[in-house]
1. Within region 300-307, can one find any residue that is among the charged types (D, E, K, R), surrounded by 15 or more Cβ atoms within 10 Å (Cβ to Cβ) and more than 27 Å from VAL109 (Cα to Cα)?
2. Has region 262-272 got any residue that is in contact with a Ser or Thr (Cβ under 6 Å, 6 or more places away or on another chain), closer than 21 Å to PRO89 by Cα and at pLDDT 95 or above?
3. Given the criteria over 30 Å from GLU230 (Cβ atoms), assigned to a helix (DSSP H, G or I), touching a residue at least 12 places away in the same chain (Cβ under 8 Å) and under 14 Å from the mean Cα position of the chain (by Cα), does LEU326 qualify?
4. Look through GLY398, GLY384, GLY389 and report the one residue that is surrounded by fewer than 21 Cβ atoms within 10 Å (Cβ to Cβ), at pLDDT 95 or above and either of a type in the set (D, E, K, R) or over 19 Å from SER88 (Cβ atoms) (or both).
5. Could you list all residues from region 88-105 that are touching a Ser or Thr at 6+ places or on another chain (Cβ under 7 Å) and open to solvent by less than 20 Å² (accessible area, probe 1.4 Å)?
6. Could you say which residue among SER315, SER349 is open to solvent by less than 40 Å² (accessible area, probe 1.4 Å), among the hydroxyl-bearing types (Ser, Thr, Tyr), without any contact (Cβ under 8 Å) to a residue 60 or more places away in the chain and part of a helix (DSSP H, G or I)?
Amino acid sequence: MAPAKSVDFPAGADDGCSAPGPNEGGEGHRDDVEAGGTAIAPAPATTMLRPRCQRGRLASLDVFRGITVVLMVVVDDVGGLVPAIRHSPWDGVTLADFVFPFFLFIVGVSLAFAYKRVPDRALATKKAVIRASKLFLLGLVLQGGFFHSIHDLTYGVDIRKIRLMGILQRIAIAYLTAALCEIWLRGGASDIGAGGYTLIRRYHHQLFVGLVLTVTYTALLYGMYVPDWEYAVTSQDTTLKHFMVKCGVRGDTGPGCNAMSMIDRHVLGIQRLYTRPVYLRTAQCSINSPRNGPLPSNAPTWCEAPFDPEGLLSSLMAIVTCLTGLQIGHVIVHFKEHGERIVRCSIPSLSLLILGFLLDLFGLRLNKSLYSLSYTCVTTGTAGLFFVGIYLLVDVYGYKKPFFPMEWVGKHALMIFVLVACNIAPILLHGFYWREPQNNLVRHMTMSFSFPFHIPNYELLIMF
(Lines give C-alpha, C1' and ligand atoms only; values in the text may rest on other atoms or scores of the structure.)
Protein backbone atom coordinates (compact mmCIF):
# COMPACT_ATOMS: atom_id res chain seq x y z
CA MET A 1 0.00 0.00 0.00
CA ALA A 2 1.36 3.38 -0.92
CA PRO A 3 2.28 5.51 2.06
CA ALA A 4 -0.59 7.65 3.23
CA LYS A 5 -0.57 10.58 5.58
CA SER A 6 -3.41 9.32 7.74
CA VAL A 7 -1.62 6.13 8.62
CA ASP A 8 -2.75 5.84 12.20
CA PHE A 9 -6.50 6.05 12.00
CA PRO A 10 -7.79 5.40 8.48
CA ALA A 11 -11.37 6.53 8.36
CA GLY A 12 -13.08 4.89 5.46
CA ALA A 13 -12.88 2.33 2.72
CA ASP A 14 -12.92 2.41 -1.03
CA ASP A 15 -15.82 1.06 -3.00
CA GLY A 16 -14.21 -2.20 -4.01
CA CYS A 17 -14.92 -1.58 -7.68
CA SER A 18 -11.42 -2.23 -8.94
CA ALA A 19 -10.94 -5.71 -10.27
CA PRO A 20 -8.56 -7.92 -8.32
CA GLY A 21 -5.11 -8.02 -9.82
CA PRO A 22 -3.16 -11.23 -10.24
CA ASN A 23 -1.05 -10.41 -7.20
CA GLU A 24 -3.84 -8.93 -5.12
CA GLY A 25 -2.98 -8.93 -1.48
CA GLY A 26 -3.61 -5.66 0.29
CA GLU A 27 -1.20 -2.82 -0.09
CA GLY A 28 -0.22 -0.88 -3.19
CA HIS A 29 -3.74 0.36 -3.85
CA ARG A 30 -3.70 4.12 -3.58
CA ASP A 31 -7.46 4.60 -3.35
CA ASP A 32 -7.69 2.43 -0.23
CA VAL A 33 -9.06 2.96 3.24
CA GLU A 34 -6.17 5.17 4.24
CA ALA A 35 -6.08 7.35 1.16
CA GLY A 36 -9.73 8.35 1.36
CA GLY A 37 -11.15 10.09 -1.68
CA THR A 38 -14.50 11.10 -3.00
CA ALA A 39 -17.66 9.22 -2.24
CA ILE A 40 -19.15 6.73 -4.64
CA ALA A 41 -21.71 8.14 -7.05
CA PRO A 42 -25.20 6.86 -6.16
CA ALA A 43 -26.48 4.15 -8.44
CA PRO A 44 -29.93 4.67 -9.96
CA ALA A 45 -32.54 2.18 -8.82
CA THR A 46 -32.86 0.83 -12.35
CA THR A 47 -29.18 -0.11 -12.47
CA MET A 48 -28.57 -0.85 -8.81
CA LEU A 49 -27.44 -4.43 -9.40
CA ARG A 50 -23.91 -3.24 -10.11
CA PRO A 51 -22.07 -0.33 -8.47
CA ARG A 52 -20.52 2.29 -10.67
CA CYS A 53 -16.74 1.90 -10.57
CA GLN A 54 -15.84 5.35 -9.32
CA ARG A 55 -13.16 4.78 -6.78
CA GLY A 56 -13.48 6.48 -3.43
CA ARG A 57 -14.71 5.95 0.09
CA LEU A 58 -17.41 3.49 0.94
CA ALA A 59 -19.91 6.03 2.27
CA SER A 60 -21.95 3.45 4.17
CA LEU A 61 -18.94 2.56 6.31
CA ASP A 62 -18.45 6.19 7.36
CA VAL A 63 -22.17 6.48 8.07
CA PHE A 64 -22.07 3.29 10.15
CA ARG A 65 -19.14 4.66 12.15
CA GLY A 66 -20.86 8.00 12.63
CA ILE A 67 -24.11 6.41 13.83
CA THR A 68 -22.13 4.29 16.28
CA VAL A 69 -20.35 7.38 17.58
CA VAL A 70 -23.65 9.16 18.19
CA LEU A 71 -25.08 6.02 19.76
CA MET A 72 -22.16 5.90 22.14
CA VAL A 73 -22.72 9.46 23.32
CA VAL A 74 -26.46 8.93 23.70
CA VAL A 75 -26.29 5.73 25.76
CA ASP A 76 -23.60 7.14 28.04
CA ASP A 77 -25.25 10.50 28.72
CA VAL A 78 -28.93 9.58 28.56
CA GLY A 79 -28.19 6.25 30.23
CA GLY A 80 -27.93 8.09 33.55
CA LEU A 81 -31.63 8.84 33.24
CA VAL A 82 -32.67 5.63 31.47
CA PRO A 83 -30.81 2.69 33.05
CA ALA A 84 -32.39 0.27 30.57
CA ILE A 85 -30.04 1.46 27.82
CA ARG A 86 -26.89 1.57 29.98
CA HIS A 87 -24.41 -1.27 30.02
CA SER A 88 -25.85 -4.41 31.52
CA PRO A 89 -24.62 -4.87 35.11
CA TRP A 90 -23.61 -8.42 34.21
CA ASP A 91 -25.56 -11.00 32.19
CA GLY A 92 -27.75 -9.79 29.35
CA VAL A 93 -27.29 -7.05 26.76
CA THR A 94 -28.58 -3.51 26.39
CA LEU A 95 -28.25 -0.90 23.67
CA ALA A 96 -24.94 0.32 25.09
CA ASP A 97 -23.42 -3.15 24.87
CA PHE A 98 -23.52 -3.07 21.06
CA VAL A 99 -21.32 0.00 20.69
CA PHE A 100 -17.85 -1.46 21.15
CA PRO A 101 -18.42 -4.57 18.96
CA PHE A 102 -19.76 -2.29 16.22
CA PHE A 103 -16.51 -0.35 16.24
CA LEU A 104 -14.40 -3.50 16.16
CA PHE A 105 -16.48 -4.78 13.26
CA ILE A 106 -15.84 -1.53 11.37
CA VAL A 107 -12.10 -1.91 11.98
CA GLY A 108 -12.19 -5.33 10.36
CA VAL A 109 -14.20 -4.21 7.33
CA SER A 110 -11.79 -1.29 6.77
CA LEU A 111 -8.75 -3.55 6.89
CA ALA A 112 -10.02 -5.55 3.93
CA PHE A 113 -9.62 -2.40 1.84
CA ALA A 114 -6.46 -1.12 3.49
CA TYR A 115 -4.59 -4.31 2.55
CA LYS A 116 -6.09 -5.15 -0.82
CA ARG A 117 -2.59 -5.52 -2.24
CA VAL A 118 0.61 -6.09 -0.28
CA PRO A 119 3.70 -6.00 -2.51
CA ASP A 120 6.04 -5.88 0.52
CA ARG A 121 4.77 -7.89 3.47
CA ALA A 122 7.66 -6.96 5.74
CA LEU A 123 7.07 -3.25 5.19
CA ALA A 124 3.33 -3.64 5.67
CA THR A 125 3.94 -5.52 8.92
CA LYS A 126 6.27 -2.80 10.17
CA LYS A 127 3.65 -0.13 9.47
CA ALA A 128 0.92 -2.13 11.18
CA VAL A 129 3.07 -2.61 14.29
CA ILE A 130 3.88 1.11 14.41
CA ARG A 131 0.20 2.07 14.08
CA ALA A 132 -0.88 -0.36 16.77
CA SER A 133 1.90 0.85 19.09
CA LYS A 134 0.83 4.47 18.65
CA LEU A 135 -2.76 3.56 19.41
CA PHE A 136 -1.80 1.53 22.48
CA LEU A 137 0.31 4.39 23.85
CA LEU A 138 -2.49 6.85 23.15
CA GLY A 139 -4.79 4.62 25.14
CA LEU A 140 -2.36 4.59 28.08
CA VAL A 141 -2.29 8.39 28.12
CA LEU A 142 -6.01 8.98 27.63
CA GLN A 143 -7.39 6.01 29.58
CA GLY A 144 -4.66 5.00 31.98
CA GLY A 145 -5.54 7.59 34.63
CA PHE A 146 -3.30 10.47 33.49
CA PHE A 147 -6.22 12.87 33.10
CA HIS A 148 -8.37 13.39 36.17
CA SER A 149 -11.93 14.63 36.63
CA ILE A 150 -13.06 17.66 34.64
CA HIS A 151 -13.70 19.34 38.00
CA ASP A 152 -10.13 18.71 39.16
CA LEU A 153 -7.47 20.85 37.52
CA THR A 154 -4.74 18.26 38.02
CA TYR A 155 -3.21 15.48 36.00
CA GLY A 156 -0.69 12.68 36.35
CA VAL A 157 -0.70 9.01 37.29
CA ASP A 158 1.36 6.71 39.47
CA ILE A 159 3.17 4.40 37.05
CA ARG A 160 2.69 1.54 39.50
CA LYS A 161 -1.09 1.91 39.19
CA ILE A 162 -1.57 2.94 35.58
CA ARG A 163 -4.35 1.01 33.89
CA LEU A 164 -2.67 -1.08 31.21
CA MET A 165 -5.75 -2.29 29.35
CA GLY A 166 -8.57 -0.17 27.99
CA ILE A 167 -10.74 0.43 24.96
CA LEU A 168 -7.98 1.86 22.79
CA GLN A 169 -5.47 -0.72 23.92
CA ARG A 170 -7.88 -3.50 23.01
CA ILE A 171 -8.52 -1.89 19.63
CA ALA A 172 -4.76 -1.82 19.05
CA ILE A 173 -4.46 -5.53 19.83
CA ALA A 174 -7.40 -6.49 17.63
CA TYR A 175 -6.22 -4.24 14.80
CA LEU A 176 -2.68 -5.62 14.83
CA THR A 177 -3.82 -9.24 14.93
CA ALA A 178 -6.31 -8.78 12.10
CA ALA A 179 -3.80 -6.79 10.05
CA LEU A 180 -1.14 -9.49 10.40
CA CYS A 181 -3.69 -12.11 9.35
CA GLU A 182 -4.59 -10.07 6.29
CA ILE A 183 -0.95 -9.52 5.37
CA TRP A 184 0.35 -13.06 5.89
CA LEU A 185 -2.57 -15.50 6.00
CA ARG A 186 -4.39 -15.64 2.72
CA GLY A 187 -4.27 -17.57 -0.52
CA GLY A 188 -2.57 -16.54 -3.73
CA ALA A 189 -3.82 -15.71 -7.20
CA SER A 190 -4.79 -19.32 -7.84
CA ASP A 191 -7.47 -19.03 -5.15
CA ILE A 192 -9.30 -16.22 -6.94
CA GLY A 193 -12.46 -17.47 -8.53
CA ALA A 194 -16.20 -17.01 -8.78
CA GLY A 195 -17.40 -20.05 -6.83
CA GLY A 196 -19.43 -19.90 -3.66
CA TYR A 197 -16.52 -21.14 -1.53
CA THR A 198 -13.94 -18.79 -3.01
CA LEU A 199 -13.58 -16.64 0.09
CA ILE A 200 -13.46 -19.64 2.43
CA ARG A 201 -10.73 -21.20 0.30
CA ARG A 202 -8.73 -17.98 0.03
CA TYR A 203 -9.01 -16.93 3.67
CA HIS A 204 -9.33 -20.28 5.45
CA HIS A 205 -6.20 -19.63 7.51
CA GLN A 206 -7.81 -16.50 8.96
CA LEU A 207 -10.94 -18.45 9.79
CA PHE A 208 -8.77 -21.05 11.50
CA VAL A 209 -7.16 -18.33 13.63
CA GLY A 210 -10.61 -17.18 14.72
CA LEU A 211 -11.57 -20.74 15.59
CA VAL A 212 -8.39 -21.27 17.63
CA LEU A 213 -8.98 -18.02 19.55
CA THR A 214 -12.58 -19.01 20.28
CA VAL A 215 -11.63 -22.50 21.49
CA THR A 216 -8.79 -21.10 23.62
CA TYR A 217 -11.07 -18.53 25.23
CA THR A 218 -13.79 -21.07 25.96
CA ALA A 219 -11.37 -23.66 27.33
CA LEU A 220 -9.70 -21.18 29.69
CA LEU A 221 -12.92 -19.52 30.86
CA TYR A 222 -14.67 -22.79 31.67
CA GLY A 223 -11.69 -25.02 32.41
CA MET A 224 -9.40 -23.03 34.71
CA TYR A 225 -9.65 -23.56 38.45
CA VAL A 226 -10.14 -20.32 40.43
CA PRO A 227 -8.97 -20.54 44.06
CA ASP A 228 -9.89 -18.23 46.92
CA TRP A 229 -8.27 -14.82 46.68
CA GLU A 230 -8.01 -11.60 48.63
CA TYR A 231 -7.58 -7.91 47.96
CA ALA A 232 -7.45 -4.61 49.81
CA VAL A 233 -9.07 -1.24 49.13
CA THR A 234 -8.69 2.15 50.76
CA SER A 235 -11.94 3.61 52.07
CA GLN A 236 -12.87 7.28 51.99
CA ASP A 237 -11.49 7.76 55.49
CA THR A 238 -8.13 6.31 54.24
CA THR A 239 -8.68 3.09 56.17
CA LEU A 240 -7.25 0.01 54.45
CA LYS A 241 -9.87 -2.73 54.23
CA HIS A 242 -9.03 -6.35 53.40
CA PHE A 243 -11.46 -8.75 51.75
CA MET A 244 -11.38 -12.49 51.14
CA VAL A 245 -13.34 -13.86 48.17
CA LYS A 246 -14.31 -17.51 48.52
CA CYS A 247 -14.16 -19.34 45.20
CA GLY A 248 -12.59 -22.77 44.81
CA VAL A 249 -14.56 -23.38 41.63
CA ARG A 250 -14.05 -24.13 37.97
CA GLY A 251 -16.07 -22.65 35.10
CA ASP A 252 -17.82 -19.97 37.16
CA THR A 253 -18.96 -16.94 35.12
CA GLY A 254 -20.04 -14.72 38.00
CA PRO A 255 -18.32 -11.41 38.84
CA GLY A 256 -16.18 -12.73 41.69
CA CYS A 257 -14.84 -16.12 40.64
CA ASN A 258 -14.37 -16.11 36.87
CA ALA A 259 -11.11 -17.14 35.23
CA MET A 260 -10.88 -13.93 33.23
CA SER A 261 -10.37 -11.70 36.27
CA MET A 262 -8.00 -14.25 37.83
CA ILE A 263 -5.74 -14.10 34.76
CA ASP A 264 -5.74 -10.29 34.83
CA ARG A 265 -4.90 -10.20 38.54
CA HIS A 266 -1.93 -12.51 38.05
CA VAL A 267 -0.59 -11.10 34.77
CA LEU A 268 -1.42 -7.39 34.95
CA GLY A 269 -1.66 -6.94 38.72
CA ILE A 270 -4.81 -6.05 40.62
CA GLN A 271 -3.58 -2.47 41.11
CA ARG A 272 -3.68 -1.93 37.33
CA LEU A 273 -7.30 -3.00 36.81
CA TYR A 274 -10.39 -0.86 36.36
CA THR A 275 -11.67 0.27 39.76
CA ARG A 276 -15.31 1.04 38.87
CA PRO A 277 -16.62 -2.26 37.48
CA VAL A 278 -20.10 -2.40 36.01
CA TYR A 279 -21.22 -5.08 38.47
CA LEU A 280 -21.37 -2.40 41.16
CA ARG A 281 -24.88 -1.79 39.77
CA THR A 282 -26.07 -5.35 40.32
CA ALA A 283 -28.69 -6.05 42.96
CA GLN A 284 -26.00 -7.79 45.01
CA CYS A 285 -23.85 -4.64 45.17
CA SER A 286 -26.30 -1.73 45.05
CA ILE A 287 -29.48 -1.02 46.92
CA ASN A 288 -30.48 1.22 43.98
CA SER A 289 -29.86 -1.40 41.28
CA PRO A 290 -29.71 -1.05 38.30
CA ARG A 291 -28.30 2.32 39.32
CA ASN A 292 -25.22 2.85 41.42
CA GLY A 293 -25.90 3.09 45.11
CA PRO A 294 -24.69 2.16 48.58
CA LEU A 295 -23.72 -1.43 49.21
CA PRO A 296 -26.35 -3.65 50.84
CA SER A 297 -25.54 -4.90 54.33
CA ASN A 298 -25.08 -8.43 52.99
CA ALA A 299 -23.08 -7.47 49.90
CA PRO A 300 -20.61 -10.10 48.61
CA THR A 301 -16.96 -9.47 49.35
CA TRP A 302 -16.12 -9.11 45.65
CA CYS A 303 -18.31 -6.03 45.12
CA GLU A 304 -15.45 -3.56 45.66
CA ALA A 305 -12.82 -5.59 43.84
CA PRO A 306 -11.21 -4.11 40.69
CA PHE A 307 -12.24 -5.77 37.45
CA ASP A 308 -11.17 -4.85 33.93
CA PRO A 309 -13.83 -5.38 31.25
CA GLU A 310 -11.06 -4.99 28.66
CA GLY A 311 -9.04 -7.83 30.14
CA LEU A 312 -6.58 -10.16 28.45
CA LEU A 313 -8.77 -13.22 28.01
CA SER A 314 -11.82 -11.37 26.70
CA SER A 315 -9.60 -9.59 24.19
CA LEU A 316 -9.38 -12.90 22.32
CA MET A 317 -13.06 -12.65 21.45
CA ALA A 318 -12.66 -8.98 20.56
CA ILE A 319 -10.13 -10.12 17.96
CA VAL A 320 -12.69 -12.62 16.67
CA THR A 321 -15.17 -9.77 16.18
CA CYS A 322 -12.56 -7.84 14.20
CA LEU A 323 -11.73 -10.89 12.08
CA THR A 324 -15.43 -11.37 11.33
CA GLY A 325 -15.65 -7.79 10.11
CA LEU A 326 -12.60 -8.49 7.97
CA GLN A 327 -14.42 -11.35 6.23
CA ILE A 328 -17.41 -9.09 5.53
CA GLY A 329 -14.97 -6.60 4.03
CA HIS A 330 -13.67 -9.36 1.76
CA VAL A 331 -17.18 -9.77 0.38
CA ILE A 332 -17.29 -6.10 -0.62
CA VAL A 333 -13.81 -6.34 -2.18
CA HIS A 334 -14.29 -9.52 -4.19
CA PHE A 335 -17.94 -9.33 -5.28
CA LYS A 336 -19.03 -6.44 -7.48
CA GLU A 337 -22.80 -6.88 -7.72
CA HIS A 338 -24.87 -5.18 -5.04
CA GLY A 339 -27.16 -8.17 -4.81
CA GLU A 340 -24.28 -10.59 -4.24
CA ARG A 341 -22.76 -8.36 -1.61
CA ILE A 342 -26.00 -8.03 0.31
CA VAL A 343 -26.79 -11.75 0.26
CA ARG A 344 -23.26 -12.88 1.13
CA CYS A 345 -23.06 -10.42 4.02
CA SER A 346 -26.57 -11.07 5.32
CA ILE A 347 -26.47 -14.87 5.49
CA PRO A 348 -23.44 -15.24 7.82
CA SER A 349 -24.57 -12.24 9.90
CA LEU A 350 -28.05 -13.68 10.43
CA SER A 351 -26.55 -17.09 11.18
CA LEU A 352 -24.31 -15.60 13.87
CA LEU A 353 -27.24 -13.74 15.41
CA ILE A 354 -29.35 -16.91 15.63
CA LEU A 355 -26.40 -18.93 16.96
CA GLY A 356 -25.76 -16.36 19.67
CA PHE A 357 -29.32 -16.48 20.97
CA LEU A 358 -29.29 -20.28 20.89
CA LEU A 359 -26.06 -20.34 22.92
CA ASP A 360 -27.64 -17.99 25.46
CA LEU A 361 -30.72 -20.18 25.60
CA PHE A 362 -28.57 -23.24 26.38
CA GLY A 363 -26.63 -21.56 29.19
CA LEU A 364 -23.75 -19.64 27.59
CA ARG A 365 -25.10 -16.31 28.75
CA LEU A 366 -24.79 -13.03 26.89
CA ASN A 367 -22.20 -11.06 28.84
CA LYS A 368 -20.36 -7.97 27.67
CA SER A 369 -17.92 -7.85 30.59
CA LEU A 370 -16.69 -11.38 29.83
CA TYR A 371 -17.15 -10.89 26.07
CA SER A 372 -18.81 -14.30 26.02
CA LEU A 373 -19.16 -16.42 22.89
CA SER A 374 -22.91 -15.80 22.70
CA TYR A 375 -22.33 -12.06 23.12
CA THR A 376 -19.74 -12.14 20.31
CA CYS A 377 -22.15 -13.90 17.95
CA VAL A 378 -25.15 -11.66 18.72
CA THR A 379 -23.32 -8.34 18.52
CA THR A 380 -21.25 -9.26 15.46
CA GLY A 381 -24.29 -10.63 13.64
CA THR A 382 -26.22 -7.47 14.46
CA ALA A 383 -23.32 -5.34 13.22
CA GLY A 384 -23.29 -7.23 9.93
CA LEU A 385 -27.03 -6.84 9.37
CA PHE A 386 -26.92 -3.16 10.37
CA PHE A 387 -24.07 -2.58 7.91
CA VAL A 388 -26.05 -4.27 5.15
CA GLY A 389 -29.03 -2.02 5.87
CA ILE A 390 -26.92 1.12 5.73
CA TYR A 391 -25.14 -0.09 2.59
CA LEU A 392 -28.51 -0.68 0.93
CA LEU A 393 -29.79 2.81 1.78
CA VAL A 394 -26.62 4.82 1.19
CA ASP A 395 -24.58 3.07 -1.50
CA VAL A 396 -27.33 1.26 -3.42
CA TYR A 397 -30.32 3.62 -3.30
CA GLY A 398 -28.16 6.72 -2.90
CA TYR A 399 -29.81 8.28 0.16
CA LYS A 400 -26.65 10.12 1.16
CA LYS A 401 -27.93 13.59 1.97
CA PRO A 402 -30.07 12.49 4.94
CA PHE A 403 -27.07 10.65 6.35
CA PHE A 404 -24.51 13.37 5.66
CA PRO A 405 -24.23 14.44 9.34
CA MET A 406 -23.50 10.84 10.33
CA GLU A 407 -20.98 10.51 7.51
CA TRP A 408 -19.20 13.65 8.69
CA VAL A 409 -19.05 12.37 12.26
CA GLY A 410 -17.70 9.05 10.99
CA LYS A 411 -14.92 10.79 9.06
CA HIS A 412 -13.88 12.85 12.09
CA ALA A 413 -14.26 10.18 14.76
CA LEU A 414 -10.76 10.53 16.19
CA MET A 415 -11.11 14.27 16.66
CA ILE A 416 -14.44 13.80 18.42
CA PHE A 417 -12.95 11.07 20.58
CA VAL A 418 -10.08 13.20 21.81
CA LEU A 419 -12.12 16.36 22.38
CA VAL A 420 -15.38 14.91 23.69
CA ALA A 421 -15.14 11.29 24.77
CA CYS A 422 -11.88 11.82 26.66
CA ASN A 423 -13.12 15.14 28.09
CA ILE A 424 -10.20 17.10 26.65
CA ALA A 425 -12.53 19.90 25.50
CA PRO A 426 -14.30 20.33 28.86
CA ILE A 427 -10.99 20.07 30.71
CA LEU A 428 -9.59 22.88 28.58
CA LEU A 429 -12.71 24.98 29.11
CA HIS A 430 -12.59 24.28 32.82
CA GLY A 431 -9.07 25.73 32.87
CA PHE A 432 -10.48 29.19 32.12
CA TYR A 433 -12.45 30.48 35.12
CA TRP A 434 -13.44 33.74 36.79
CA ARG A 435 -11.71 34.30 40.16
CA GLU A 436 -12.47 30.81 41.47
CA PRO A 437 -11.99 27.45 39.65
CA GLN A 438 -15.61 26.58 40.42
CA ASN A 439 -16.80 29.62 38.47
CA ASN A 440 -16.22 28.25 34.99
CA LEU A 441 -18.19 27.67 31.82
CA VAL A 442 -18.31 23.88 32.21
CA ARG A 443 -19.97 24.13 35.62
CA HIS A 444 -22.60 26.54 34.38
CA MET A 445 -23.30 24.30 31.37
CA THR A 446 -23.68 21.15 33.47
CA MET A 447 -25.98 22.92 35.93
CA SER A 448 -28.37 23.49 33.03
CA PHE A 449 -28.97 19.73 32.78
CA SER A 450 -30.67 17.37 35.19
CA PHE A 451 -27.82 14.87 34.92
CA PRO A 452 -24.11 15.42 35.56
CA PHE A 453 -21.68 15.90 32.72
CA HIS A 454 -19.40 12.90 32.74
CA ILE A 455 -16.93 11.02 30.67
CA PRO A 456 -18.56 8.29 28.58
CA ASN A 457 -17.76 4.75 29.61
CA TYR A 458 -17.08 3.82 26.00
CA GLU A 459 -14.11 6.00 25.27
CA LEU A 460 -14.10 4.80 21.68
CA LEU A 461 -14.85 7.22 18.94
CA ILE A 462 -11.71 6.30 17.03
CA MET A 463 -12.20 3.77 14.35
CA PHE A 464 -10.10 2.61 11.55
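1. Within region 300-307, one or more residues are among the charged types (D, E, K, R), surrounded by 15 or more Cβ atoms within 10 Å (Cβ to Cβ) and more than 27 Å from VAL109 (Cα to Cα).
2. No, region 262-272 contains no residue that is in contact with a Ser or Thr (Cβ under 6 Å, 6 or more places away or on another chain), closer than 21 Å to PRO89 by Cα and at pLDDT 95 or above.
3. For LEU326, the condition - over 30 Å from GLU230 (Cβ atoms), assigned to a helix (DSSP H, G or I), touching a residue at least 12 places away in the same chain (Cβ under 8 Å) and under 14 Å from the mean Cα position of the chain (by Cα) - is met.
4. GLY389
5. SER88, ASP97, VAL99, PRO101, PHE102, PHE103, LEU104, PHE105
6. The unique qualifying residue is SER349.
Every residue, every condition in (1) of a type in the set (S, T, N, Q); (2) touching a strand residue (DSSP E or B) at 6+ places or on another chain (Cβ under 6 Å); (3) closer than 24 Å to HIS330 by Cβ; (4) open to solvent by less than 40 Å² (accessible area, probe 1.4 Å), yes or no:
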position	(1), (2), (3), (4)
TYR197	no, no, yes, no
VAL209	no, no, yes, yes
LEU213	no, no, yes, yes
ALA219	no, no, no, no
SER235	yes, yes, no, yes
CYS257	no, yes, no, yes
ILE263	no, no, no, yes
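Yes/no matrix, rows are residues, columns are (1) loosely packed, with under 12 Cβ neighbours inside 10 Å; (2) more than 30 Å from the chain's Cα centre (by Cα):
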{"position": "ARG202", "(1), (2)": "no, no"}
{"position": "THR216", "(1), (2)": "no, no"}
{"position": "GLY223", "(1), (2)": "yes, no"}
{"position": "GLY248", "(1), (2)": "yes, yes"}
{"position": "GLY254", "(1), (2)": "no, no"}
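The values are calculated or read from the model by the stated rules, or taken from the named source; none is laboratory data. Bear in mind that the values here come from a model prediction, so they are computed numbers and not experimental data. Because the Cβ atoms are built from the backbone with ideal geometry, glycine has one as well, and the counts that use them run over all protein chains shown. Remember, those area values only see protein heavy atoms, side chains included, never the ligands or the DNA or RNA. Shrake-Rupley method; radii C 1.70, N 1.55, O 1.52, S 1.80 Å.
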